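In what follows, a structure is listed as structure tokens, so that the remarks can point back to it.
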Amino acid sequence: NGQWRVGIHIADVSHFVTPGSLLDKEAVERATSVYLVDRVVPMLPEKLSNGVCSLRPNEDKLTFSAIFDMDDDGTVHQKWFGRTAIHSDHRFAYEDAQAIIEGGDGPLKAEILTLDGIAKKLRKDRMKNGAISFDKREVKFHLNENNEPTGVYFKESKDANHLIEEFMLLANREVAAFVGRAKDGEPSGRTMVYRIHDNPDPTKLIDLSNFVKQFGYSISTRGRKAISASLNKMLKDVKGSGEANMIETLTVRSMAKAVYSTANIGHYGLAFDYYTHFTSPIRRYPDVLVHRLLQDYLDKKPAAPADPIEELCEHSSDREKMAAMAERESIKYMQAKYLEQFVGEEFSGVITGVTDWGVFVELNDNYCEGMIRIRDFKDDYYIFDEKNHQIIGESSGRIYQLGDAMRIRVKNVDLEKKQIDFTPIRSGHGRD
């Protein structure tokens, strides 16, 4: 009938991790896998995460599936959710799929290109509806056999990454709506784990707007679609510039944090009224809960009591925050370890943060961030101007501001504190 049937098949973790079992208790305790630079601390034992629940090709695997009949525009005409067994013919690395999208040859080429076309349409529709396009680059390290960093690079999302992302978002959105929305479009009243994201704090948005003005960018601070459209335009325009990483970071900080909850308020950043996490039960406990709840409703069981589920949502949100902090600390440690070999050497960078005790600088060559303490600016006594993210020399009037280029020398590296100290090299930098 001119439509495509697309299956999003997720490992059926809830088949193996049953409520109240020792496995379940440990999974609840951890609530998430933690991705450090040189290792993963998994939520589930490796036998499950890398073995039984890994959807390897040419093996029968137990899955929970979301199956959609769709047209070329990405409109869903029919949907089906349920437990399945799959046998995968082929596993693609992102690079393999990307090569096909960029015009190369390979297995299942027609299917990859069809999916890419639908994914691009889904993404375009999301943006039109007010979704925000955060394509933040991830810092990655080249490690030697002893897990020591030998180089630093940014991992960027390409079409193959977006393809997977759009179909994951589709499955998450449709599962949430299936459980949470009644046939008349009103909330169903059934208990569900939602991934919610509140509207941005207006004060933070105004601060961001005032700050980006000095770089020639503007963002709207009123009306959901106007705000989103202006943020997307700014994030697109800033790409490739010296201040890109800093403005992307500040924009993320101006947003509310996404959390898990049984009380649905929608997801601002994705512009979805209903959204959940269904697609990663190997590494996120809320997804395991979603699978269990969904199966109960498919089996026509009554709604689960909300209070114990809400407690698990709050616990999972807390654990996620701790995992994110650990991941950031792991990156800071590796950056310090990498820069150890360059103590005494000079680099160029950009000011990424200004506080009353110092200035943070990110280096252009390797994206490592360190601090110049205020006392290390020897040419003047500098005063912190919080409102304008800058320090000003008391007698010279010289300004060092967020986004300014800087030349620095690596002064000291403290691995235990994960701290990198720089000293400024004057040579005409700063603004007089």
Note on segment 231-253: residues among the hydroxyl-bearing types (Ser, Thr, Tyr) and surrounded by fewer than 19 Cβ atoms within 10 Å (Cβ to Cβ) are SER241, THR249
Any chance you could count how many residues in segment 65-86 are closer than 20 Å to LEU115 by Cβ and either open to solvent by less than 20 Å² (accessible area, probe 1.4 Å) or in a strand (DSSP E or B) (or both)? 15
Out of GLU345, GLU369, I need the residue that is modelled with pLDDT of 95 or more and open to solvent by 50 Å² or more (accessible area, probe 1.4 Å). Which one? GLU345
Selection within segment 280-303 - in contact with a Phe, Trp or Tyr (Cβ under 9 Å, 6 or more places away or on another chain) and among the β-branched types (Val, Ile, Thr): VAL290
Looking at PHE278, PHE272, which is the one that is open to solvent by less than 10 Å² (accessible area, probe 1.4 Å) and hydrophobic (A, V, I, L, M, F, W, C)? PHE278
Scan of segment 121-137 for residues that are open to solvent by 60 Å² or more (accessible area, probe 1.4 Å) and more than 12 Å from GLU166 (Cα to Cα), ordered by number: LYS128, ASN129, PHE134, LYS136, ARG137
Yes/no for GLY397 being on the phi > 0 side of the Ramachandran plot, touching a residue at least 24 places away in the same chain (Cβ under 8 Å), in contact with a Lys or Arg (Cβ under 8 Å, 6 or more places away or on another chain) and not hydroxyl-bearing (Ser, Thr, Tyr): no
Please state which of the following conditions ALA171 fails to meet, knowing it meets all the rest: (1) part of a loop (DSSP other than H, G, I, E, B); (2) open to solvent by less than 70 Å² (accessible area, probe 1.4 Å). (1)
Residue check for SER21: surrounded by fewer than 17 Cβ atoms within 10 Å (Cβ to Cβ), small (Gly, Ala, Ser) and out of contact with any Asp or Glu (no Cβ under 6 Å at 6 or more places or on another chain): yes
Within segment 189-219, tally of residues that are without any contact (Cβ under 8 Å) to a residue 60 or more places away in the chain, assigned to a loop (DSSP other than H, G, I, E, B) and crowded, with 17+ Cβ neighbours inside 10 Å: 2
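The values are calculated or read from the model by the stated rules, or taken from the named source; none is laboratory data. Here the structure is a predicted model, which means the values were calculated and not measured. Using ideal geometry, Cβ is built from the backbone for each residue, glycine included, and neighbour counts are taken over all protein chains shown. Remember, those area values only see protein heavy atoms, side chains included, never the ligands or the DNA or RNA. Shrake-Rupley method; radii C 1.70, N 1.55, O 1.52, S 1.80 Å.
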